[in-house]
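Let me begin by presenting the structure, written as structure tokens, before commenting on it.
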Amino acid sequence: MKLSLYAIQLLIIITIIIWQPALFAQDNTKTAPININATVLPQIKLKQKITESDSFLINNIKFSEQGKYFAAFFNGKKTIKIFNSETGVMVSELGPELLFKNKSIDTLQFIGKDSSLLLVTKGRQPIKIIKWKEKKIKTEIALNINSFKINDVVLSPDNKILAVAHQKGLYILDFTQFKTHWAFFDNEDIRAIDISPDNKYLVYAKAGLSVDCVGMINLTLFEITDKPLEKLHLLSSTQALNHEIVYLDYINTNKILAAYQGIDTLYYSDQKAGLYIINLEKNILRGPLILSGPKISMVSYLKLYDGILASSFGYKRDGTIISDIDYANILRFDKIKTYIDLSLKNPILDVSVSPDSKTMVTAIKEKNGVSLYIYSLIKQEE
């Protein structure tokens, strides 16, 4: 009888160990299994290559809302060039006299229903809204901030709220009047922001690894909610995140995509970049998914495939370059694979995917300058 009791106790202990929940809760939603090796992934076809020999850096690649155009900042001449994403033909160039003279920019994005305007920022300088086809400044918005760098800018889907994340706080502006504004987080470095598709909430990530480093603001009330994301245990009591969140994407009303990177330089690091998915409806944090390199070039949600593209780069110990583009399906977030092999021997400086998931543009550092590669993402039959 005594041996039988010990046997039962041992069986219970083994069962508990086997079924012990993971540190991060897993999504138990019943879904049909997704084969990420299936042909539903896009074919990649190179359409155009554009080389700039006088530039050492191209960044801030951004698409217009319909994906017809993309813009990029060329550091050599301190200009913004706008291209037709179908043909690769440059359709406009905005020189330093329209921007910030001999300075680089922090962010740019297309705005307006027809994407006829470009919004450009640089630290404490006034925000410039430019009619890029006419090469004229439409208006400038003075920001009451004392910060040298703007980390992120988001315009709400209804074009009513402009949010600016900078090194010393968060600035929210009524974009319909350019007058009323709200300031949050005095002297705190806000790294990333995004606004929900229904225009109701703004999610933010600030520097540091405290339990409140990721939170949410209710835009309908313009006040910080009591415990917006703390209940998701983004930073658990047993193991905090080792890296700061640098990217946020409010995928839909229930899911937020977050990303971190290992280092802020291009040098070798054992610390790799990674991704999380926050399920707001189920209060679940899934991840991290570890990427190939330490530095993030791009994180993009592909609505057409319900998947994530993420590019990362860095260096191995022997000096060879890590430069990969990875894919993960949202429904199978525990799986990730490098499925786009561009045979790159140089680092990816920046990558962007059009809103319709049909075009991808990469900026690659090469010996004779920097090149833009324009690829078609061709959806295959399931």
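Here are some notes:
- Carbon + sulfur, % of accessible area of the stretch 130-224 - ligands and nucleic acids excluded, 1.4 Å: 47
- Cross-link pairs exceeding 31 Å in C-alpha to C-alpha distance, out of LYS68/LYS160; LYS45/LYS206; LYS77/LYS255; LYS45/LYS101; LYS113/LYS295; LYS131/LYS358, comprise LYS45/LYS206; LYS77/LYS255; LYS45/LYS101; LYS113/LYS295.
- The residues of the stretch 123-220 expose, per residue, 46 Å² of accessible area to a 1.4 Å probe.
- Cα gyration tensor shape of the stretch 62-124, rounded if a/c is under 1.5, else prolate or oblate by comparing a/b with b/c: oblate
The values are calculated or read from the model by the stated rules, or taken from the named source; none is laboratory data. Fair warning: this is a prediction, and the values are worked out from it, not measured in the lab. Please note that ligands, DNA and RNA were not included when accessible areas were found on the heavy atoms of the full protein model with its side chains. Shrake-Rupley method; radii C 1.70, N 1.55, O 1.52, S 1.80 Å.
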